[in-house]
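Each reported figure results from applying straightforward, stated rules to the coordinates on display, with no laboratory input. What you are looking at is a predicted structure, and each value in this text was computed from that prediction instead of being measured. FYI the Cβ positions are ideal-geometry reconstructions off the backbone, even for glycines, and counts take in every protein chain you see.
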Amino acid sequence: ILLATQVEPSHIDPATFDDLQDLINNTMSAGRTSGGLIEADGAAGNIKVNLGTGFIKTTNSPNGLTRSFNWADTIIVAGALPGNIIDKKTNYIYIDYSAGVPAPKATTDRTTIELNRMFTLGRVYRDVATLHIVNSGVNLYNHMRSNHERLMAVRGFERASGGVISEKLARYLTSTAGVFYLGANKIATTQQDTSPTGPPNILTRWYHDAGGNWVSNTGIEGASAAGQISNEHYDTPTGLADIAGPRYGVFWLFIHFDSDLHVVYG
């Protein structure tokens, strides 16, 4: 069996960090890999931190020696002393290596939890004998996928820059090149110009037909040429209707992933 310090990833000499242990130390954070569920214990106000596994640094340094370890089932009792589950407080549950042996602990001051020799497992709010438990903390497993799913759920599709819409000539549209993100994926769109003096690029219109179905149109619509925003019609559940003056139409413009411009009639 070779130690991690004896396995050398490809590197360019002279390299300060030249073995597998260096790679682990410099790229891995302290955190949980399995277990560590926080739950109420039998006695009122006490909690049980179930056994678990993880990686932790042995010094308070971002490049410190990083080691895998297991911890055993641990009871943290309710009380009024530091390290107890304090009443009417948010208690942060974490793993602490600072004494040399990783063990679950509790604190009401999150700022005391170091970034390297400690990592969080969750939090507990105690209301006398009632416990409100959140299992959260630093999870190392499948981190890239979990982060992508979070971005998709919270951020979705969002604009970073560009994609500015403006009018050209009479009711034709242009959009500048844009940068967007779908989750962690960067999407670049190109400049568009729907006017006769442009390429011209296609403008797709969307509205309802007489049967209440969504239909699209990339050509002439009434007196509006292909690529123009209408100044005649608005959408209804049963088709287009005339805009009676003095009124104006409202349209929602979208840039598609492939850069095309789409307009939804209001």
* **Percent of beta bridges antiparallel (DSSP, the chain, rounded to nearest 5)** => 90
* To do: Output the peptides 192-199, 247-254 sorted from most to least packed, where packing is the average of other Cβ atoms within 10 Å over each peptide's residues.
  => 192-199, 247-254
* Structure fact -> Quick note on Thr130, Thr59, ordering by fewest other C-beta atoms within 10 Å, gives Thr130, Thr59
* Please find the FRET efficiency linking Tyr141 to Thr16, where r is the Cβ-Cβ separation and R0 is fixed at 25 Å, and quote it to the nearest 0.05. => 0.30
* To do: Calculate the length of the line joining the C-alpha centroid of the range 201-266 to that of the range 20-53, in whole Å.
  => 56
* To do: Divide by every residue of the chain the summed helix terms, -39500 (n - 2.57) for each DSSP H run of at least 4, and state the resulting mean residue ellipticity at 222 nm, rounded to the nearest 500 deg cm²/dmol.
  => -2000 deg cm²/dmol
* Counted charge near His233, where neighbours are those whose Cβ lies closer than 9 Å (Asp, Glu -1; Lys, Arg +1) -> -4
* Asked: Among Lys105, Lys88, which comes first, then next, by fewest other beta-carbon atoms within 10 Å?
  -> Lys88, Lys105
* To do: Place a +1 charge on the Cβ of each Lys and Arg in the range 1-127 and a -1 charge on the Cβ of each Asp and Glu, then give the dipole magnitude about the Cα centre in debye, rounded to the nearest 20.
  => 560
* Structure fact -> In whole Hz, the Karplus estimates of ³J(HN,Hα) for the range 197-202 (6.51, -1.76, 1.60; θ = phi - 60°; x where Gly or Pro) are 8, x, x, x, 7, 7
* Asked: Which residue, chosen from Gly64, Asn50, Thr130, occupies the Cα position most advanced towards the positive end of the dipole of the range 4-135, where the dipole is computed from +1 (Lys, Arg) and -1 (Asp, Glu) charges on Cβ about the Cα centre?
  -> Thr130
* Structure fact -> HN-Hα couplings for the range 146-153 via Karplus (6.51, -1.76, 1.60; θ = phi - 60°), in whole Hz with x for Gly/Pro, come out as 4, 5, 4, 5, 5, 4, 5, 6
* Asked: Hey, got the dipole for the chain? About the Cα centre, +1 on K and R Cβ, -1 on D and E Cβ, debye to the nearest 20?
  -> 720
* Asked: In the range 158-265, what percentage of the DSSP-assigned beta bridges are antiparallel, given to the nearest 5?
  -> 90
* Label-to-label distance, nm, for residues given as Arg171 and Ser61 (7 Å Cα→Cβ offset) -> 7.0
* Structure fact -> From fewest to most C-beta neighbours within 10 Å, the residues Met118, Met28, Met144 line up as Met144, Met28, Met118
* Asked: Can you list residues whose amide H is under 5 Å from Ile85's amide H, if they're 5+ apart or on another chain and H is modeled 1.01 Å from N?
  -> Val77, Ala78, Gly79
